[in-house]
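Below: the structure, in structure tokens.
Any read-out appearing in this document is the output of simple, stated calculations on the displayed coordinates, not a laboratory observation. Fair warning: this is a prediction, and the values are worked out from it, not measured in the lab. Cβ atoms come from the backbone with ideal geometry, glycine included; neighbour counts cover every protein chain shown.
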Amino acid sequence: MRDAIETTRLELRRFQPSDAPELHEIFSDPMTHTIGAGPFTSLAETQTWIERRVRAFEERGLAWYALRLRDSGVLVGNCGAFIGRTGSLEPELGYEVRLGYRGQGLASEAAQAVLDECFASGIARVWATIRPHNGASLRIAARLGLVREFSRTDERGELLYLSRAPRSTATDSPFPGPDSSQHGRWPAVSPG
């Protein structure tokens with residue numbers, strides 16, 4: 001994955017240690033950072049988070065980007081690929097936009113750029129895990145073409161697993177893929 005990507009409205013650049021104070025404003029906001037264990041309470045937590053993303057890029061080539069408005073340079077969120085519940089060969093896509101900038105399509109714009117970058121880098125399938133109550137994130141995933149594959153329950157409740165392969169290889173596969181009209185369920189195979 002590249003160090004930087006540009007979209008119509010955003011500059012996506014891999015996080016650097018110097019981004020920690022600005023990112024901490026987002027991660028410490030309880031109205032914005034509602035994923036994982038919730039808001040970070042110290043700058044050190046944010047610094048450690050960035051260090052892990054830098055290592056993931058060095059070791060696996062997976063990038064996590066700062067999302068900055070191209071016209072002002074304001075940090076509005078973050079987006080990237082990470083080794084999550086689905087492993088390193090098929091990473092997860094994640095995104096978060098500061099509360100005051102939501103509802104403008106910035107998360108979709110960034111996530112599409114990162115998804116395209118994953119596929120251009122040779123990643124075969126990208127996943128997203130989303131809680132059923134997170135309607136905004138589910139709508140973004142649908143716009144990106146991710147389909148529901150299955151769900152699991154963990155200590156926090158139901159978690160939906162959605163995925164997408166590159167369109168060119170998904171249709172060339174000799175194996176049946178999920179039928180999007182069936183919301184990610186595998187199509188029935190008739191005998192003989």
Please give the peptides 142-153, 119-130 ranked by average Cβ packing (other Cβ atoms within 10 Å per residue), highest first, as a rough proxy for protection. 119-130, 142-153
Estimated FRET transfer efficiency when R0 is 45 angstrom, pair L43-R167 (beta carbons, to 0.05): 0.65
For segment 4-180, what are Rg and Dmax over the alpha carbons, in angstrom? 15.9, 50
Give me the extension gain from S18 to R143: residue separation times 0.36 nm, minus the current Cα-Cα distance, reported in nm with one decimal. 41.7 nm
Net charge of neighbours whose Cβ lies under 10 Å from the Cβ of D3, counting Lys and Arg as +1 and Asp and Glu as -1: +3
Take the Cα of R102, step 7 Å along the line toward its Cβ, and report every residue of segment 132-148 whose backbone nitrogen sits under 12 Å from that point. 134-138
Given 3-10, 62-69, the highest-first ranking by average Cβ count within 10 Å works out to 62-69, 3-10
Tell me, in nm to one decimal, what length is gained between I35 and S121 on full extension, where the rule is 0.36 nm per residue of separation less the Cα-Cα distance? 28.3 nm
What is the gain in length, in nm to one decimal, between R55 and R2 on full extension, counting 0.36 nm per residue of separation less the C-alpha to C-alpha distance? 17.6 nm
What is the spin-label model distance, in nm, from S28 to L159 if the labels are put 7 Å beyond Cα along the C-beta direction? 2.8
